[in-house]
Structures are given as structure tokens and as C-alpha cells.
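Just below is one structure, and these are the notes that go with it.
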Amino acid sequence: MNFNEISSIKDYGFTGFIPVGQLMKDVSMIPESKGVYMVLYIQDTPPVFLEKGTGGFFKGKDPNVQQMTLRENWVEGTKVVYIGKAGGASHSSTLKNRIKQYLRFGEGKNVGHWGGRFIWQLKESNSLLICWKVITDEEPRKVEKNLINDFKNEYNMRPFANLSD
């Protein structure tokens with residue numbers, strides 16, 4: 001898959017491609033299924049990093065990092081800024097409730113979605129797109145890990161907001 005081409009991401013089976021701001025108002029179109037999801041930065045301009053983002057303080061921990069850390073983690077030449085998963089053999093979450101949790105964290109709520117928190121320090125976070133792929137025959141964690149590894153093979157680093165493999 002070409003991580004810089006929406007058509008390639010669609011060809012891989014991802015659907016949705018809905019702006020974060022719209023999903024914050026209504027998540028009804030997200031499936032109640034296990035799967036993987038991606039957050040895409042589609043701007044043609046470099047990102048603007050905020051000193052203080054909108055992410056929630058989960059368990060009292062500040063989700064914000066220094067702007068230098070954000071710059072060091074930014075990956076040029078890709079639209080994909082985060083890859084996540086929902087559900088699996090040991091997790092009952094669905095794409096709908098996991099993405100909803102992620103969005104609530106981005107609204108400043110005290111929610112357990114620490115991974116991917118860097119996107120909430122992007123000035124353009126409401127215009128990021130979220131897409132998803134329902135997974136029925138594999139473990140979502142395995143698919144997520146494979147996508148992250150494919151990304152690393154192409155860009156020599158993880159997606160911007162993925163803090164681990």
C-alpha cells in the first residue's frame with residue numbers, strides 16, 4: 001500500500017475518510033466491528049504544532065510533549081499519521097467505540113487512549129480524516145502491527161503518532 005495515496009488506502013479496503021470534526025459530532029456511521037483504523041493528514045502545507053493540544057489528562061498525566069519531539073516524529077511524504085486497532089481475541093472493543101474513545105480524548109476528556117495523542121497537538125486536528133477497515137478473519141493487532149511494519153519499511157520510522165510498534 002502507498003501510505004501517501006488515498007486511492008491506494010481505499011484499494012487496501014479502508015472506508016470512511018471522515019473529518020475528525022464531523023466524527024466528534026456523530027460516530028453513527030462507524031461499524032460496530034473489530035478492525036483497524038488510520039488517521040490521515042491531508043493538508044498540502046506543513047503541520048502547525050501547538051504548545052498545548054486538546055488531548056485529555058488521563059490519570060493526571062499531561063498528554064502534551066515539546067514541539068521538538070513533535071517535529072522529530074513528523075514523517076514527510078505520507079498522509080498516514082496514526083494506525084490503531086479495535087477488538088480481537090482479548091479485546092471486545094469495536095471500531096465505533098474505540099474511535100469514539102479516541103475522539104473524546106481529543107476533546108480533553110479523561111479517557112484511556114494515550115496512544116496516538118500527538119495528533120491532538122496539531123492545529124489542524126479537526127480536519128484530519130479517519131478511515132477504517134473491518135477485520136473478520138484476522139486479529140486486528142496483527143493487521144495493525146503489519147501496517148506499522150510496512151510503514152517503517154518505507155519511511156524508516158513509525159507513523160507520527162504511533163508511539164510503539
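Say we look at the stretch 119-144 and pick out the residues that are part of a helix (DSSP H, G or I) and in contact with a strand residue (DSSP E or B) (Cβ under 8 Å, 6 or more places away or on another chain); which of these is nearest to F17 (Cα to Cα)?
My answer is S127.
Starting from residues that are in a strand (DSSP E or B) and hydrophobic (A, V, I, L, M, F, W, C), keep the ones in the stretch 64-118 and report whichever is nearest to S7 (Cα to Cα).
In this case the residue turns out to be V80.
Taking into account only those residues within the stretch 32-48 that are open to solvent by 30 Å² or more (accessible area, probe 1.4 Å) and not small (G, A, S), which is nearest to the chain's Cα centre (by Cα)?
Looking at the filtered set, the residue picked out is I42.
For residues that are under 15 Å from the mean Cα position of the chain (by Cα) and farther than 11 Å from L129 by Cβ, scanning just the stretch 5-26, find the one that is most open to solvent (accessible area, probe 1.4 Å).
T15
For the stretch 50-58, state whether one or more residues are assigned to a helix (DSSP H, G or I), open to solvent by 10 Å² or more (accessible area, probe 1.4 Å), free of Cβ contacts under 8 Å to residues at least 60 places away in the same chain and farther than 16 Å from A161 by Cα.
Yes, because at least one residue in the stretch 50-58 is assigned to a helix (DSSP H, G or I), open to solvent by 10 Å² or more (accessible area, probe 1.4 Å), free of Cβ contacts under 8 Å to residues at least 60 places away in the same chain and farther than 16 Å from A161 by Cα.
Identify the single condition in (1) aliphatic (A, V, I, L, M); (2) more than 20 Å from F14 (Cβ to Cβ); (3) buried (at least 18 other Cβ atoms within 10 Å of the Cβ) that L163 does not satisfy, given that it satisfies every other one.
Only one criterion in (1) aliphatic (A, V, I, L, M); (2) more than 20 Å from F14 (Cβ to Cβ); (3) buried (at least 18 other Cβ atoms within 10 Å of the Cβ) is unmet by L163, namely (3).
Of all residues in the stretch 119-152, count the ones that are more than 25 Å from G88 (Cα to Cα) and either open to solvent by less than 50 Å² (accessible area, probe 1.4 Å) or without any contact (Cβ under 8 Å) to a residue 60 or more places away in the chain (or both).
Residues that pass the stated criteria total 7.
Identify the residue in the stretch 108-118 that is farther than 23 Å from W74 by Cβ and of a type outside the set (G, A, S) and, among all such residues, is surrounded by the most Cβ atoms within 10 Å (Cβ to Cβ).
It comes out as V111.
Look at the stretch 79-107 and say how many of its residues are touching a Gly at 6+ places or on another chain (Cβ under 8 Å), open to solvent by less than 50 Å² (accessible area, probe 1.4 Å) and among the basic types (K, R).
Selection size over the stretch 79-107: 0.
The values are calculated or read from the model by the stated rules, or taken from the named source; none is laboratory data. Since the structure is predicted, the reported quantities are computational estimates derived from the model, not experimental observations. Glycine also receives a Cβ, built like all others from the backbone with ideal geometry; neighbour counts cover every protein chain displayed. The accessibility values were calculated without ligands, DNA or RNA, using every heavy atom of the protein model including side chains. Shrake-Rupley method; radii C 1.70, N 1.55, O 1.52, S 1.80 Å.
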